[in-house]
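Participant: Here you go, one structure.
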Amino acid sequence: MILENGIVRTLEPSMPTARALAIAGDVVAGGVGTHEQALASPDVVDLGGRCVLPGFNDAHVHFPTWALAQRQVRLEGTQSLDEALQRVAAAVRDVEPGRWLRGLGWRSGDWSPPVEPTKDALDRVTGDTPTALMARDYHSLWLNSAGLARANGELEAEGGVVVRDDRGEPTGVLREECAWHFRDAYVRPTDDEMLEASREGIKLANARGVTAVHDKDGWLGALAVFQRLQSEGSLSLRVWESHPKDDLGALLALPLAGPFGNDFLRLGYVKAFMDGTLGSQTARMLDGAGVEITSRAELEETIVRAAGRGFSVAVHAIGDRANRDALDAFAATREAWKGLRPRVEHAQLLAREDIGRFAELGVACSVQFSHAPSDRDLADRFWAGKTDGAYAYRSLWDSGAVVANGSDAPIEELDPWAGICAGVLRTIDDRPAWHPEQRLTLDEALIATCVTPPWLAGDERRRGKLTPGFLADLVVLDRDPFAVEPEELPSIQVVATMVGGRWVHNPPPWA
Ligand SMILES: [Zn+2]
């Protein structure tokens, strides 16, 4: 197949653009005028002046959770507790008897008047329907009385918080490990629910130009979900799957020497958490605030055990203390993980003196460009005076750090183009850029989204660029983003998506 009459941006510095692209089977055969003459009666696709880029690889997504979230009551953007309760009231009518009402997306920091959610407020609109509403950052869970009752009072968990009132009664909000334990024990979706939602989610992701993801839902059984989707033929994106640190023994019990799988699905790395989040005010800070989920010593042990079997670690760290502890742990274990590609997820708030350490150590930053403009108000409030080191993508890039971009969906939408725009513009509304000194160029934002994630998965010689021999994973955009003013970038649309030489969204011809 030959794609011609457009602009192909290869993201290979030695030959950044081509007028056409030849594809043979599942790989790129060449640029213009090279191998395509050798193909027998090639299919020709008229790009009509459109732009071709390597497919988008979302480096941080909770895929089944995001897919399921498409079907739940959504509380994003609610301005008050009352508005949130109205949405819940509308959704509760559709819940079948005996089922949970699930929802997500609330952030009490956005509500005015300022108020924390309670089970009493929720009980008024949900009655006896057990209700579990995950906070936007997934680190707090808001339950009603019928939901809480499922636990028979067993709410405490190490590394978590049960919010209580003056009388010591749970208010209905659980944080960190308490929230997750409750969810896993009582609100977990069934395998069939995950499968159905993920099948639809893959189509939606493909429609947004996604050809690969790094999934974070290993703890939820995502590997089996993707395996089933692959065997039925509907896995049309490539998955680099995580395994939870808390279940490391199970991974190490398998006779594996490193990542295992195929071109579409690979069990790749171990995921750990150092701390909580900005929104829940559980990020672990140098001033002592926050929640420690994994200690530096524990992380060191995890890194060494995983590395001994060829697995690298991806560790969630938000606060400046959490990031320092993670960096210290990687520094102390450097010999053990040499040759692997470890990463810090989020790296949201960094002490100045820690910014250069990612490059020095060779630890990648897996960040989410959308978080900066989306969290700006919370960051200005909770991290006042410290935001110079927050979402510091330009500083990290200039220090030589490996920077990968993801969405953290469902916390932000799984929409890489929106993420790329956020990295370049540092705003998602009509306000001026937030910390504009931390903007990246379009080229850098694309590298972080298309090239670096495959590198993290060890696929840098096979994916992420449109050069001969690379897998033909690509996205067609309606215009060349390098030919428009930055402010126009958000209006660019994904036209079509190809994975391994096969159109998985909107095959040509295009009107
Ligand atoms: Zn995440």
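Since every read-out is calculated from the coordinates, none of them should be taken as a lab result. Remember, predicted model here, so these are calculated numbers, not experimental data. Methodologically, a virtual Cβ is constructed for each residue, glycine included, from the backbone with ideal geometry; neighbour enumeration extends over all protein chains shown.
Participant: What's the local net charge at S312, with K and R +1, D and E -1, over the other residues with C-beta under 9 Å away? Walk me through the numbers before you get to the answer.
Facilitator: Details: positive: R341, R343; negative: none.
Around S312, the charge tally is +2.
Participant: About the Cα centre of region 73-187, what is the dipole size in debye to 20, counting +1 per Lys and Arg Cβ and -1 per Asp and Glu Cβ, all else neutral? Don't jump to the answer; show the numbers that get you there.
Facilitator: Details: 14 positive and 20 negative charges, 73 e Å.
Computed charge dipole of region 73-187: roughly 360 debye.
Participant: So what's the gap between the Cα centers of region 94-120 and region 302-359, to the nearest angstrom?
Facilitator: Region 94-120 and region 302-359 have Cα centres separated by 35 Å.
Participant: For the charge dipole of the chain, defined by +1 on Lys and Arg C-beta atoms and -1 on Asp and Glu C-beta atoms about the Cα centroid, which residue among G389, V45, P436 has the Cα displaced farthest towards the positive pole?
Facilitator: Going by the Cα projections, it comes out as V45.
Participant: Sum up the charges of everything whose Cβ sits under 10 Å from the Cβ of G389, counting Lys and Arg as +1 and Asp and Glu as -1, but leave G389 out. Kindly include the intermediate steps, with their values, before the conclusion.
Facilitator: Numbers: positive: R352, K386; negative: D320, E353, D354, D388.
Here the count lands on -2.
Participant: Using r as the Cβ-Cβ distance of A483 and A207, and R0 as 22 Å, what FRET efficiency do you calculate, to the nearest 0.05? Walk me through the numbers before you get to the answer.
Facilitator: Working: r = 23 Å, r/R0 = 1.07.
So, using R0 = 22 Å, E works out to roughly 0.40.
Participant: If you scale each eigenvalue of the Cα gyration tensor by 5 and take the root, what three semi-axes come out for the chain, rounded to whole angstrom and sorted largest first? Walk me through the numbers before you get to the answer.
Facilitator: Values: eigenvalues 283, 131, 108 Å².
Square roots of five times the eigenvalues give 38, 26, 23 Å.
Participant: Could I ask something else about it? Sum -39500 (n - 2.57) across every DSSP H segment of at least 4 residues in the chain, then divide by the residue count to get the 222 nm mean residue ellipticity, nearest 500. Please list the in-between numbers first.
Facilitator: On the way: 18 runs with 145 residues, N = 511.
Result for the chain, helices only: -7500 deg cm²/dmol.
Participant: Sketch the reach of a paramagnetic label on D443 as a point 7 Å from Cα along Cα-to-Cβ, and name the residues of region 378-396 whose backbone nitrogen lies under 20 Å away.
Facilitator: Inside the label zone: 393-396.
Participant: Indicate, rounded to the nearest 5 percent, the antiparallel portion of the DSSP beta bridges found entirely in the chain.
Facilitator: Counting DSSP beta bridges with both partners in the chain, the antiparallel share is about 45 percent.
Participant: Give the lysines reachable from K338 as a straight Cα distance under 19 Å; neighbours fewer than 8 places away on the same chain don't count.
Facilitator: K271
Participant: Among the trypsin sites (Lys or Arg not before Pro) within region 236-310, which fall in a DSSP loop and have no more than 16 other Cβ atoms within 10 Å of their own Cβ?
Facilitator: R309
Participant: Principal axis extents for region 73-187, Cα atoms only, whole Å, descending order, please.
Facilitator: That gives 33, 33, 26 Å along the principal axes, largest extent first.
Participant: Only Lys, Arg, Asp and Glu count, each charged at its Cβ (+1, +1, -1, -1), so figure out the dipole size of the chain about its Cα centre, rounded to 20 debye. Write out the running numbers ahead of the final one.
Facilitator: On the way: 53 positive and 75 negative charges, 166 e Å.
With only Lys, Arg, Asp and Glu charged at Cβ, the dipole is about 800 debye.
Participant: Can you give the FRET efficiency for E460 and A331, using 1/(1 + (r/R0)^6), R0 = 30 Å, r = Cβ-Cβ distance, to the nearest 0.05? Walk me through the numbers on the way to the answer.
Facilitator: On the way: r = 24 Å, r/R0 = 0.82.
Once rounded, the FRET efficiency stands at 0.75.
Participant: Which value, in debye to the nearest 20, gives the size of the charge dipole of region 210-295 about its Cα centre, when Lys and Arg are +1 and Asp and Glu are -1 at the Cβ?
Facilitator: That gives region 210-295 a dipole magnitude of about 160 debye.
Participant: Report the net charge of residues surrounding A91, where surrounding means a beta-carbon distance below 10 angstrom and charges are Lys +1, Arg +1, Asp -1, Glu -1.
Facilitator: Numbers: positive: R74, R87, R93, R102; negative: D94.
Computed value for this residue: +3.
Participant: Hand me the GluC sites (Glu not before Pro) from region 377-480 located in a DSSP loop with no more than 11 other Cβ atoms within 10 Å, in residue order please. Walk me through the numbers before you get to the answer.
Facilitator: Values: sites: E412, E413, E437, E444, E460; in loops: E412, E413, E460.
When the GluC sites (Glu not before Pro) of region 377-480 are filtered for loop state and at most 11 Cβ neighbours within 10 Å, nothing remains.
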